[in-house]
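Report on one structure; see the data block that follows.
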Amino acid sequence: MKFKGVITGATGYIGSNLLRYLLTQDWEIYIIAQPEFGYSNIEDIKDQIHIVEYDKKVTTLIDFFKITNPDVVFHLAAAVISNYKPEQISILIESNILFGTQVLEAMRHSQTKLIINTGSYWQNYNSDEYNPVDLYAATKESFEKIIQYYVDAHNFRCITLRLFDVYGENDTRPKLLNLLCQIAKDGTTLDVSPGEQLLDMVHISDVCIAYLKAFELLNEDSNASNCIYSVSTGEMTTLRNVVLILEDIFETKLNINWGGRSYRDREVMLPNYKYQPLSNWKPTINLKNGLKRFKLKFVN
């Protein structure tokens, strides 16, 4: 059976990788995109998908869902702004709460009742039941409460995947891992925190599989209504140890100025370990093998 899915946030890093993966699994894919963000991550596969351009009107989304009635929505769209400025509050609210709620409302007017939502371990600082690390995490938490309304009132069923530290060799974002690999190549120095925070790093390939497994679980188990699962290796390591692994892979000493930068306010030193794991999924790429892939990218 060929499934029909909608992806929000498909032009971002995780979303574009999920899109490519689902295409290999013979899915028919629609994406809801905002043209101003561009299509650089998916330019080569645009002719294989259906694109719905979001014009900020819920009626546009309602009309789309009424016509297509997809099997599931993979909701990945989000504005990730950790050190926000006051003028960015509206971006966080519109991207992380308003847009998602409009998608839910549009689904209500169709036969689509399944949604895979994307959460973050930043929603639970110190592993507390409610303690978002920052406003970004608070908006993600707020949206989950809105999902609960649609579950209770309109028979939606949802799985939220709480993601940990997602990495991959095809990530072009200026993330710390890319910066570390760059200094391994060019020998420059990088200021970082003291490096004792624990990380749970999951390769993007495994993350994409987790989204598909979440859909399979939701589709096959009618008792699953609104569940939260972690996408985690369960193997935490310090940033200092990540550097040691990279030094071994690149066969060079990295010029790290440990403590050159302070920890962020409310730095997550220990990721939440209380989430229930996704039962039908296990990671297949361990950290060392995942990091080895970066050498091909940065050395060649």
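What follows draws every value from the coordinates through simple rules; no lab data is involved. Since the model is a prediction, treat every value here as computed from it, not as a measurement. Neighbour counts are summed over all protein chains in view; Cβ atoms, including those assigned to glycine, are modelled from backbone coordinates with ideal geometry.
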Check your understanding: Label 7 Å along Cα→Cβ of ILE67; the range 1-33 residues with amide nitrogen under 18 Å?
Key -> 4-8, 28-33
**Study point:** Where N is the number of residues in the range 1-141, Cα Rg divided by 2.2 N^0.38 Å
**Key:** 1.07
Exercise for review: Specify the inter-centroid distance of the range 203-253 and the range 118-179, based on alpha-carbon positions, in whole Å.
Suggested key: 14
Review point. If all Cα-Cα distances of the range 206-258 are sorted into 10 Å bins from 0 onward, what percent lands in each bin, rounded to whole numbers?
Key: 18, 30, 21, 18, 12, 1
Check your understanding: What is the count of Lys pairs in the range 9-157 whose alpha carbons sit under 22 Å apart, if the two are 8 or more places apart or on different chains?
Key -> 12
Check your understanding: Looking at ALA78, THR101, VAL231, which one has the Cα that reaches farthest to the positive end of the dipole of the chain (charges on Cβ: Lys, Arg +1; Asp, Glu -1)?
Key -> VAL231
Check your understanding: Cα to Cα, under 29 Å, and not fewer than 8 places away if on the same chain: which lysines meet these conditions relative to LYS292?
Key -> LYS175, LYS185, LYS213, LYS253, LYS282
Exercise for review: Enumerate by residue number the trypsin sites (Lys or Arg not before Pro) in the range 245-300 meeting two conditions: DSSP loop (anything except H, G, I, E, B), and at most 14 other Cβ atoms within 10 Å of the site's Cβ.
Suggested key: LYS253, ARG261, ARG264, LYS274
Exercise for review: Work out the FRET efficiency for GLU251 and LYS282 from their Cβ-Cβ distance, taking R0 = 25 Å, and round it to the nearest 0.05.
Suggested key: 0.20
Point to revise | For the range 154-300, convex hull of alpha carbons as volume per residue, Å³ | key: 127
Exercise for review: Please give the FRET efficiency for SER222 paired with GLN25, using the beta carbon to beta carbon distance and R0 = 30 Å, rounded to the nearest 0.05.
Suggested key: 0.85
Exercise for review: Pick out which of PHE37, PHE65, PHE99 has the largest mean-square fluctuation in a Gaussian network model of the chain, springs linking Cα atoms closer than 10 Å.
Suggested key: PHE37
Revision key, fill the gap. Measuring from its Cα centre, the chain shows a charge dipole (+1 at each Lys and Arg Cβ, -1 at each Asp and Glu Cβ) which, in debye to the nearest 20, is 220
Study note, to complete from the structure: Stokes-Einstein, Kirkwood over Cα pairs, the chain, 4 °C, 1.567 mPa s; D in µm²/s equals 64
Review point. Once both axes come from the Cα atoms, what is the angle between helix 176-186 and the longest principal axis of the chain, in degrees from 0 to 90, rounded to 10?
Key: 40
Review point. In whole Å, what is the distance between the alpha-carbon centres of the range 43-59 and the range 2-23?
Key: 12
Practice item. Based on a Kirkwood Rh over C-alpha pairs, give the Stokes-Einstein translational diffusion coefficient of the range 74-196 at 4 °C and viscosity 1.567 mPa s in µm²/s. Key: 78
Review point. What angle do you read, to the nearest 10 degrees and between 0 and 90, between the alpha-carbon axis of helix 135-154 and the longest principal axis of the chain?
Key: 30
